[in-house]
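Here the structure comes first, spelled out in structure tokens, and everything after it is commentary.
The values are calculated or read from the model by the stated rules, or taken from the named source; none is laboratory data. Fair warning: this is a prediction, and the values are worked out from it, not measured in the lab. Don't worry about glycine lacking a Cβ; one is built from the backbone with ideal geometry, like all the others, and counts go over all protein chains shown.
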Amino acid sequence: MPSIEYRGYNSHRNEHSYRVTVSAGYDKDINQVRARKTFRLSGNKTEKTREREIAKLAAEFEYKYKQQKINYAPRLTISEFSDRFIEMYVKEHLKKRTIFEYKRLLKIICTYIGHYKLIDFSAYQLQHLYVDMKSDDLTLDTIDHCHAILSSMFSYAIKMQLITVNPCKIIDRPRLAKTRKESQQKKIKALTVPQIRELCNHLEQEPVRYRLATVLALFAGLRKSEINGLRWSDINFEDGSITISRQVSYTSSDGIFEDTPKTNSSSRTIYPPKAIFLLAKEYRNEWEKQQLIVDHEKKTDYVFIEENRGVIHPDTITGWFRKFIKKIHNQQLAHINSQAISEELQIPHIRFHDLRHTCGTLRSALGENIFDIGSFLGHSSKSSTEIYMHPLNMKQQDISSKIDDIASADNKQS
């Protein structure tokens with residue numbers, strides 16, 4: 001809104017003076033520019049009449065000047081503005097891991113459209129960008145992430161009064177163009193109860209620290225970064241709780257770093273199954289022995305550590321898990337060929353993060369409501385929890401069993 005300042009009355013001219021100030025956008029260095037104009041109204045008009053008239057004049061001045069400034073806005077290219085966007089917005093509001101992803105994807109984006117002037121870029125050109133990306137075999141998920149980042153950047157440009165329209169708001173998101181087959185392939189995976197038992201059987205042969213990391217994801221629903229950031233002081237053996245208050249991540253530009261949890265809701269205290277604490281105690285004995293040979297300056301309270309290094313590299317656990325799943329598949333393949341294993345026990349190709357999906361699914365199947373599951377997993381919204389609600393058929397089987405009992409009773413009576 002324009003600012004209106006009353007400047008006084010000139011008795012010689014019989015007129016009242018007002019100064020109107022409007023925000024006129026930003027210069028090429030994204031510094032705010034203001035425009036001012038003085039209006040004089042006849043002293044013969046009443047105060048209310050003057051107030052209405054100056055308000056109208058101020059609104060007209062703001063509209064005309066903003067239109068003029070948009071037309072002559074700095075002729076920044078998308079590549080130039082993306083650099084400013086990262087420095088002035090992304091680094092101020094987002095976490096290091098997200099900043100890294102923004103930089104990586106904006107670099108890809110700018111190889112396609114970095115030369116275009118920001119003010120001239122249209123929805124038509126944006127649609128062609130996605131066509132070009134798809135023809136270069138970029139996945140729909142990558143293109144969709146690029147769309148989200150571009151939408152955020154264009155929205156910021158509107159706030160800076162450099163453009164008036166966000167092209168991303170005009171066209172459909174790329175993920176909406178997925179075929180049914182692609183959507184099915186992307187469906188989040190969760191293990192069934194027999195598969196969970198089979199996985200745990202194979203897990204018994206693995207080092208205790210990897211067993212603990214696995215069950216923290218599978219039965220406590222922790223994210224990889226939250227497991228990496230776990231300290232012994234976060235584990236309360238007395239009341240059976242675990243507090244998540246940090247995460248440890250890695251990027252090639254920042255190395256290994258500690259950060260606050262993903263969202264405010266991710267900071268939480270949970271009460272997972274007691275089996276986790278029994279395994280944690282077993283691992284604690286091994287951990288304490290390892291600390292005896294670690295250099296004093298490298299001693300740490302982190303639960304997961306690497307020899308003479310301190311906190312574990314964030315990709316170590318997931319790297320082990322990939323090899324672990326591959327080993328299971330090789331063993332199961334031999335059993336399948338000899339028909340020594342049933343289909344329901346076969347472990348699918350899953351990521352470490354799919355253990356977290358399984359945790360949410362299992363808690364849902366056992367009757368926990370969606371809000372408590374979201375709180376347990378550290379979700380910030382109900383929609384985040386809903387994607388984890390995969391049917392394990394436990395409730396269906398239980399209900400069908402009860403219907404069988406009813407049907408059997410009816411048959412006996414007849």
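Some points to look at:
- Ile328 passes every criterion in (1) under 25 Å from Ile196 (Cβ atoms); (2) in contact with a His (Cβ under 7 Å, 6 or more places away or on another chain); (3) not in a helix (DSSP H, G or I) apart from (3).
- Test: residue in the range 214-226 that is on the phi < 0 side of the Ramachandran plot, in contact with a Leu (Cβ under 8 Å, 6 or more places away or on another chain), crowded, with 18+ Cβ neighbours inside 10 Å and among the small types (Gly, Ala, Ser): yes
- Count of the range 273-297 residues which are out of contact with any Asp or Glu (no Cβ under 9 Å at 6 or more places or on another chain) and either modelled with pLDDT of 90 or more or not charged (D, E, K, R) (or both): 17
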